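Asker: Before anything else, here's the structure in question.
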Amino acid sequence: MRVKLLLRFVLVLALITPSVVAPALALGQMGVTVTISPTTVAVPVNSTRQFTAQVTGTANTAVNWSVNNITGGNATVGTISNAGLYRAPVVPPIGWTVTVKATSVASPTALASSVVTVRNQIPYVTSVTPNQLPPGAFTLTVNGSRFVNGAQVYWNSTPLTTTFVSPTQLTAAGNAAQLGLINITVANPGPGAVSTVITVNVASSLIVNVTPVAVNLPTGATQQFQATVSGSANQAVVWKVNGIVGGNAVNGTIANNGLYTAPNLIPASGQATVTATSQADNLTQGAAAVFLQDPLLITYGRFLDQCTFGTTPQLLAHVKQVGMQAFLDEQFALPEAAWPPLATAQRSDAVDAFFLNAATGQDQLRQRVIFALSEIIVISMNKNTNGNEIVPWLQLLSRNAFGNYRTLLREITLDATMGKFLDLANSVKPTANGGANENYAREVMQLFSIGLLQLNLDGSVKLDGQGQPIPTYTQTDVRQLALALTGWTYGNAAGVPPTSGNYNYYPGPMLPIAARHDTSAKTVLGQALPANQTAAQDYSAAIDTIFNHPNVAPFVTTRLIRALVTSNPSPAYIARVAAVFNNNGQGVRGDLQAVVRAILMDSEARNDTPPPNFGRLRTPVQHTIAMMRALNIATGQPAQFAYIFYGLGEGMLDAPSVFGHYSPSFRVPKTTLFGPEFQIYSPTEAVNRANFLYAFFGNPWPINPALQPYVNVAGNAAALVNAVDNALLYGRMSPQMRSTLLTAIAAMYDNHQRVMTALYLTIMSGDYLVQH
């Protein structure tokens, strides 16, 4: 019963709404269906096309053919044979389309249809006369075949006033307002009837010469250009820069007398084109190339490489305007970038903030110093696994980046996150069940302050009478310092010292438990700590003893110089900065703001032609951010790609040990040069880094929209190389590197690939990998 009702419903629906059927398939009585092929097609006038119909659901597969519901069709809409052979009419029908229909003989409600576009024949163009003409009004004679009344001649896709002469000839009139080759096509009325292209050349009898034809010009400088017009008494010209009358601030401006003023900032292309257009015809022009150079680009670029996470065009322009010292003053005065709230901080939040503050924060210098300190005073997510166990450490480094190193040592010693990482939290005086934990006591001396060996002010190692290095501390010093630092536990919201150990409270510093502190007399680094002192008294005296050790200045300043400027500073460079650490000029020791300024403004840092062994390798994080900033590539959400940095040797906030991601004393293989970051630049890590950075260029495919300025100039290989050189290398690309890029670019098949190739080879070159 249900089947009968369904079939009855289908039959009634077909009867009352016969038009509601698929064009190529219809259901007829008792499940008969018809399909037709092709379902849509274009057929030229007076041409044929074979249609086929397939009938299923009945043994009778015969169909009746019709055109626009006329059985067999007619001369107006075209005819169709019993075998399905359609012949288009001689003249296209009104509306250009007809419907060919196949109807089942066995079930007339079962049918299928196809839409047929009847178009005019595609015209052939054999010649255009004249095929060379001057600017201005013209009349063309177009010869060929298959022209129909209403045919249209096009001039570079612009319709001309066209007259139909015969099926083999047309005339067209217009005005030539541009020089060079022009594409001429003919379109018969209706869809799809356009000829192939034939060209005519618009040539001027005038010649405009601009002198000089090429010039190298510093930013902000001026150059007088002259234009002469041959072939006309009218010598007036219109001056343009990159096609804009009078130019603009981006590419430079030009006055009516041809005086060009270069922009203050080099545009992406690194060059500008000056043109003079004759006012005699307003078409003929001459051109000159301006190659823009900024003699201070290297100066300010190197400076920003050392004190930020990378240059941007805006930052370069700003530093050039205000000067380096003023820029440092601004950076020191800026408020700290925000960190995630501890109450809700997740691991991913800490990673995002660490990366995004470095990539987009305004306090670039502070972020760079935080990064440097994070490799000296290390905490890692491999032990402090949660966001609230990492963020307080970052906040501590941030607020002390420009403060005093004594304060930094004091705060990090009582910091709860460090208390967990190096086990100072709940370290107690010796008892039958155990003793003081020595981890922090050892690392605060070895890694955070004085190092293993006694140093001269210039960082050179002191030797004893036998020519052997002199240790800075002994195991006894470690034990004594560990005792001095006993009795501290995690804090609490009230900040009240507890009577027993606390666990897992990170918002504030650790608090003392008097009963757990060792009150015996101690000697740390030769300084006596009297008996019966409180935990706070011993802690304060011990940290001040470390801070005042003569090794702190050369040890800490060497680490900071290597992190900011160069892995191999000269002894004199270290000594100059260490002297500032010892006395900032106002009798203050440990002033990090003064130290950072001394590092960045030292003559060795500011030498723009440094020796070959000068500089430092960018870490994967620094390399990535510098590239993003230079090319204006959006960072996205760092937590989503942070896992990739593990394969690059630099899992963010997750150093493999208390030594950081790399040893501070690592040397470049097969050399005597220090190169700590080279420890995480093995062949595997190099390939992983290259693949990771390349992926940014093609996301989204075919090219990152941020790279469009380079695509715009990629048709000129030299201009593209100049643009890449200015953006990434500040105009110091070596001739060998330039030659390599030009060769590689020439092999690429489109502008997108040319840009990606030029950028990829440059960012992975030693010229860019090493911060010179």
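Asker: Once neighbouring chains are kept in place and the probe is 1.4 Å, which whole percent of the accessible area of segment 164-300 is contributed by carbon and sulfur?
Answerer: The value for segment 164-300 is 55 percent carbon and sulfur by accessible area.
Asker: Let me ask something else. Hey, of [x] 120, 98, 47; [y] 131, 78, 66; [z] 135, 75, 67, which did the structure itself give for Cα extents along the principal axes in Å when calculated?
Answerer: It is the one labelled [x].
Asker: Treating only the Cβ atoms of Lys and Arg (+1) and Asp and Glu (-1) as charged, compute the dipole magnitude of the chain about its Cα centre; round to the nearest 20 debye.
Answerer: 1960 debye
Asker: Using the charge dipole of segment 526-623 (Lys, Arg: +1 at Cβ; Asp, Glu: -1 at Cβ; taken about the Cα centre), state which of Val577, Pro611, Val588 has its Cα farthest towards the positive end.
Answerer: Pro611
Asker: Next question, about the same structure. Could you sort the peptides 598-605, 641-648 by per-residue average Cβ neighbour count (10 Å cutoff), highest mean leading?
Answerer: 598-605, 641-648
Asker: Next up: Can you give the extra length, in nm with one decimal, that the chain gains between Asn69 and Leu452 once fully stretched, where that is 0.36 nm per residue apart less the Cα-Cα distance?
Answerer: 127.9 nm
Asker: Which whole-number value in Å² is the accessible area per residue of segment 212-291, probe 1.4 Å? The partial results should precede the final answer.
Answerer: On the way: 3510 Å² over 80 residues.
On a per-residue basis, 44 Å².
Asker: Taking the simple approach of a point 7 Å from Cα along Cα-to-Cβ for both Ser460 and Leu334, what is their distance in nm?
Answerer: In this crude spin-label approximation the distance works out to 3.9 nm.
Asker: Cβ neighbours within 10 Å, averaged per peptide: list 262-274, 693-705 in order, most packed at the top.
Answerer: 262-274, 693-705
Asker: Show the residues, 5+ positions off or on another chain, whose built amide H is closer than 5 Å to the amide H of Leu463.
Answerer: Here nothing satisfies the definition.
Asker: Next up: Could you tell me which of Ser540, Ala137, Leu394 has its Cα farthest along the dipole of the chain towards the positive end, charges placed at Cβ (Lys, Arg +1; Asp, Glu -1), taken about the Cα centre?
Answerer: So the residue we want is Ala137.
Asker: Quote the relative contact order of segment 26-119 in percent (integer), defining contacts as alpha-carbon pairs under 8 Å separated by 6+ residues.
Answerer: Over segment 26-119, the number comes to 38 percent.
Asker: Right, something else. Within segment 209-225, which residues have the backbone N less than 19 Å from the label spot 7 Å out from Gln279 along Cα→beta-carbon, could you tell me?
Answerer: Residues passing the 19 Å test: 209-211, 225.
Asker: Could you order the peptides 359-368, 329-338 from most to least packed, using the average number of other C-beta atoms within 10 Å per residue?
Answerer: Listed from highest to lowest mean packing, they are 359-368, 329-338.
Asker: Follow-up question, since we're still on this one. Return the sequence-ordered ³J(HN,Hα) values of segment 246-251 in whole Hz as given by the Karplus equation 6.51 cos²θ - 1.76 cosθ + 1.60 applied to θ = phi - 60°, using x for Gly and Pro.
Answerer: Couplings: x, x, 8, 5, 6, 10 Hz.
Asker: Per the 1.4 Å probe, what fraction of the accessible area of segment 476-630, in percent, lies on carbon and sulfur atoms? Intermediate results must be reported in sequence, preceding the final value.
Answerer: Numbers: 3000 of 5540 Å².
Exposed carbon and sulfur together represent 54 percent of the surface.
Asker: Can you give the accessible area per residue of segment 124-202, in Å², using a 1.4 Å probe?
Answerer: On the way: 3810 Å² over 79 residues.
Ligands and nucleic acids excluded, the result is 48 Å² per residue.
Asker: Right, here's the next one. Per residue, how large is the accessible surface of segment 617-771? Use a 1.4 angstrom probe and give square angstrom. The partial results should precede the final answer.
Answerer: Numbers: 6240 Å² over 155 residues.
That works out to 40 Å² for each residue.
Asker: Using a cut-off of under 19 Å, list every residue of segment 343-384 whose amide N is near the label point 7 Å from the Cα of Ser663 along the Cα-to-beta-carbon line.
Answerer: Taking a point 7 Å out along Cα→Cβ of Ser663, the residues of segment 343-384 whose backbone N falls under 19 Å are 375-378.
Asker: Can you give me the % of accessible surface on segment 674-736 that is carbon or sulfur? Probe 1.4 Å, all protein chains present, nothing else counted.
Answerer: Of the solvent-accessible surface of segment 674-736, carbon and sulfur hold 60 percent.
Asker: While we're looking at this one, here's another question. Hey, quick one: spin label on Ala233, modelled 7 Å out along Cα-Cβ, who in segment 272-309 has an amide N within reach, i.e. under 17 Å?
Answerer: Counting backbone N atoms under 17 Å from the label point, the list is 279-281.
Asker: Given H placed 1.01 Å from N in the peptide plane, which residues other than close sequence neighbours of Asp518 have an amide H under 5 Å from its amide H?
Answerer: So Asp518 has HN proximity to Lys429, Thr486.
Asker: Using only helices, what value at 222 nm comes out for the chain when you add -39,500 (n - 2.57) per DSSP H run of length 4 or more and divide by the total residues, to the nearest 500 deg cm²/dmol?
Answerer: -9000 deg cm²/dmol
Asker: Right, another one. Work out the charge dipole of the chain with +1 on the Cβ of Lys and Arg and -1 on the Cβ of Asp and Glu about the Cα centre, then indicate which of Gln223, Thr275, Ser66 is farthest towards its positive end.
Answerer: Of Gln223, Thr275, Ser66, it is Ser66.
Asker: Enter the angle in degrees (range 0 to 90, nearest 10) between the Cα long axis of helix 405-414 and the first principal axis of the Cα atoms of the chain, meaning the one along which they spread out most.
Answerer: Helix 405-414 sits at roughly 90 degrees to that axis.
Asker: For Ala236, enumerate residues with amide H under 5 Å from its amide H, sequence gap 5+ or separate chain, H modeled in the peptide plane.
Answerer: Close amide H contacts, sequence-distant or interchain: Gln279.
Asker: While we're here: Relative contact order for the chain: what percent, with Cα pairs under 8 Å and sequence separation of 6 or more?
Answerer: 8 percent
Asker: Treat every Asp and Glu Cβ in segment 378-448 as -1 and every Lys and Arg Cβ as +1, leave all other atoms uncharged, and give the resulting dipole magnitude about the Cα centre to the nearest 20 debye.
Answerer: My answer is approximately 120 debye.
The values are calculated or read from the model by the stated rules, or taken from the named source; none is laboratory data. Everything numeric here is computed off the predicted structure, so don't read it as measured data. Quick reminder, even Gly has a Cβ in these numbers, built from the backbone with ideal geometry, and neighbours come from all protein chains shown. Accessible surface areas use protein heavy atoms only, side chains included; no ligands, DNA or RNA. Shrake-Rupley method; radii C 1.70, N 1.55, O 1.52, S 1.80 Å.
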